[in-house]
Amino acid sequence: MSTRDLHILLDSPSDRRRDRLPMAALLALSTAVFITSLTETLPAGVLPAMSGDLGVGESAMGQSVTIYAIGSALTAIPLTAATAGVPRKRLLLAAMAGFALANTVTAVSSHYPLTMVARLLAGVAAGLAWALLAGYARQMAPVHLQGKAIAVAMAGIPVALSLGVPAGTFVGDALGWRAAFLLMTGLTVVLLGWIVVSVPEYAGRRGGEREPMLRALAVPGVAPVLWVTLVFVLAHTVLYTYVATFLDHVDMADSTDLVLLTFGAASLLSIWVVGVRIHRQLRALTVASVLLVALAAALLAVVSDRAAPVYVAAALWGLGWGGVPTLLQTAVGDAGGDFADSAQAMLVTLWNVAMAAGGVVGGVLLGVIGAQAFPWSVLVLMVPVLLIVLVARAHGFPVRRATD
């Protein structure tokens, strides 16, 4: 028997499977990410109709986005700790069932307080799901493909922002805002069946053992990633939340959908690049992301009086931002090691704190300085982000990953 024949015999189907990603399962996780992201931002596209039906002002209705982020921020850590022993598939199904319930209540509610309770419930489900999803994707893949697996799972974010929100707005305009939320419920029900069929089960921590959060925070590298998460997401959210206001300021209000489409398309390209290169170049990709977002902000700050630079800036912004969720979730998972679940939960909490704070900070900037302050604020915030990434070369954003 030749060496080649022996290699073929030894290269069993199970060995070959270990070199491939379980795409059906990962796309189910990506759809879960899409649902969580779109559920959070959907009210922004149908705000006038919701506020009119529920008899409150648009400012009050806008808090339905804020309360979602607050629900995630307040519950991600305690729920992750409390459910450490629960099998992962069962936990994911419970979280997504929570979305189906919350979106259904939102769709049929005629009372503002009940709607806000439903939005809070959706945020709680999101906090649990987000702390679970990146780790789930990592478990499904061999070590050398874990970054790519997380990239596939996180692709739901730019799809939701660039395509989901406009599509939800279109459905809301055509059939009413309640139909848009019922459509979300229907999609979630389909996803529940998809998860049952294609997503593998993994056990929780043995005996329900819980991870002390402070011990995870003390692991070298975790704190720098969390700081980068807080400041980077804050910078992005300040601009993204008020992008329509900024575009109106530069006389491009009618082009908001095209600018966001440009951003979303570039984000998808960014996710692909990150997925291909992250295993070997996590640090370089993170530095590039920071610089691209900073360059986009600088372009908007100084030459936004013409349409072409705005579209270029939107493309640079998307290229910089699209892979950030994958980069940060991978970095904190690598740094966390045995405490990866707790580190992920803290990242989710800070992510949502930054999103809630971004709306507040952006509102203050708009009232005190005006819309021109948004790109400058992003540029300023990118400075400490870049410094932390550059300094954390041993842990957090290492020159060489432990899996290399």
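Numbers at a glance
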item: For the chain: accessible area per residue (Å², 1.4 Å); result: 42
item: Compactness of the stretch 46-162 as Cα Rg over 2.2 N^0.38 Å, two decimals; result: 1.22
item: Bins of 10 Å from zero: percent of alpha-carbon pairs in the stretch 214-370; result: 11, 36, 34, 15, 4, 0
item: Exposure of Val303 as accessible area (Å², to 10), given a probe of 1.4 Å and all protein chains; result: 40
item: Share of carbon and sulfur in the accessible heavy-atom surface of the stretch 19-93 [1.4 Å probe, %]; result: 65
item: Most fluctuating residue given options Ala357, Ala137, Ala49, as computed from a GNM of the chain linking Cα atoms under 10 Å; result: Ala49
item: Surface accessible to a 1.4 Å probe, Thr80 within the full protein complex, Å²; result: 20
item: Around Val310: net Lys/Arg minus Asp/Glu count, Cβ-Cβ under 13 Å; result: -3
item: Max mean-square fluctuation residue, GNM over the chain, Cα-Cα springs under 10 Å, options Gly62, Gly71, Gly168; result: Gly62
item: Calculated [θ] (222 nm, deg cm²/dmol) that DSSP helices of n ≥ 4 give over the chain, each run adding -39,500 (n - 2.57); result: -26500 deg cm²/dmol
item: Share of carbon and sulfur in the accessible heavy-atom surface of the stretch 360-401 [1.4 Å probe, %]; result: 77
item: Size-normalised alpha-carbon gyration radius of the chain, reference 2.2 N^0.38 Å; result: 0.98
item: Net +/- balance of residues flanking Val196 in space, Cβ distance below 15 Å, scoring K and R +1, D and E -1; result: +2
item: On Cα atoms only, tilt of 177-198 relative to the major axis of the chain in degrees; result: 0
item: The stretch 130-151 versus the stretch 282-355: alpha-carbon centroid distance in Å; result: 19
item: Net lengthening on full extension, Leu175/Ser198 (0.36 nm per residue, minus Cα-Cα); result: 5.0 nm
item: Mean Cα-pair separation over length for the chain, i.e. relative contact order, pairs under 8 Å, 6 or more apart, %; result: 24
item: Carbon and sulfur %, accessible surface of the stretch 190-294 computed with the full protein complex present, 1.4 Å; result: 64
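The values are calculated or read from the model by the stated rules, or taken from the named source; none is laboratory data. Since the model is a prediction, treat every value here as computed from it, not as a measurement. Cβ coordinates were reconstructed from backbone atoms using ideal geometry, including for glycine residues, and neighbour counts include every protein chain displayed. Ligands, DNA and RNA are stripped out before the accessible areas are found, and what is left, the full protein with its side chains, is counted by its heavy atoms. Shrake-Rupley method; radii C 1.70, N 1.55, O 1.52, S 1.80 Å.
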